[in-house]
Ligand code: ATP
Ligand code: MG
């Protein structure tokens, strides 16, 4: 499984719709300070369901919507989609390619989709459990996160190992079963 492409429209500094295509292997994103490199990483975190505005370097979730410049009016929504190659069926969904998208309007209304079908955030979370992807996964390592892992509480560190071992979904199912 690998990230094939990202489409961004109205998210942070990306007022125009853009599509970035990636290939299997290493891709670097380079550019001057403030040109939007970290915004691309934020877009990936956001589409995977990040709910904490601070993790996206904002004060409120509406801060992810393009807020305008001197020459350009603000937009009314933010949209991000990522497409993953799933030909190895690492994601347990019967598609060779999986597209996950999220849209947020200024009103606060939001929607999530998997392969263009509306879904719940929960469905997105479940799709990525134990893959290392997902907003808590280790597939995105932010600045300072290594220190955080080393200095975190043993229980928090344990979550990282549970994810790598692929047992998160069983733990969550057990918790849900006990609650019922
Ligand atoms: P550096 O090399 O310094 O890390 P970078 O390429 O990672 O820079 P980013 O942090 O991705 O840059 O982009 C910052 C830019 O995004 C700033 O100019 C900021 O004004 C702009 N930006 C952030 N949120 C919004 C928004 N909602 N609307 C418009 N522009 C935004
Ligand atoms: Mg940056």
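The values are calculated or read from the model by the stated rules, or taken from the named source; none is laboratory data. No experiment lies behind these values; they were computed from the predicted model shown. Cβ: placed from backbone, ideal geometry, glycine included. Neighbour counts: every protein chain shown.
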## Note on the structure
When restricted to 125, 116, the only residue surrounded by 11 or more Cβ atoms within 10 Å (Cβ to Cβ), under 28 Å from residue 86 (Cβ atoms) and at pLDDT 90 or above is 125
#### Entry: Residues that are more than 19 Å from residue 44 (Cα to Cα) and more than 8 Å from ligand 1 (Cβ to nearest atom), drawn from the range 58-85
70, 71, 72, 73, 75, 76
### Selected residue [surrounded by 15 or more Cβ atoms within 10 Å (Cβ to Cβ), within 22 Å of residue 143 (Cα to Cα), more than 16 Å from ligand 2 (Cβ to nearest atom) and touching a residue at least 40 places away in the same chain (Cβ under 8 Å)] from 84, 48
48
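Rundown of residues vs (1) more than 20 Å from residue 145 (Cβ to Cβ); (2) away from ligand 2 (no atom under 16 Å from the Cβ); (3) surrounded by fewer than 19 Cβ atoms within 10 Å (Cβ to Cβ); (4) free of Cβ contacts under 8 Å to residues at least 24 places away in the same chain, yes/no style:
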site	(1), (2), (3), (4)
1	yes, yes, yes, no
10	yes, yes, no, no
14	yes, no, no, no
18	yes, yes, yes, yes
35	yes, no, yes, yes
77	yes, yes, yes, no
### Task
Quick one: which helices (runs of 4 or more DSSP H) lie wholly within the range 54-172 and hold at least 3 residues that are closer than 21 Å to residue 2 by Cα?
121-128, 154-165
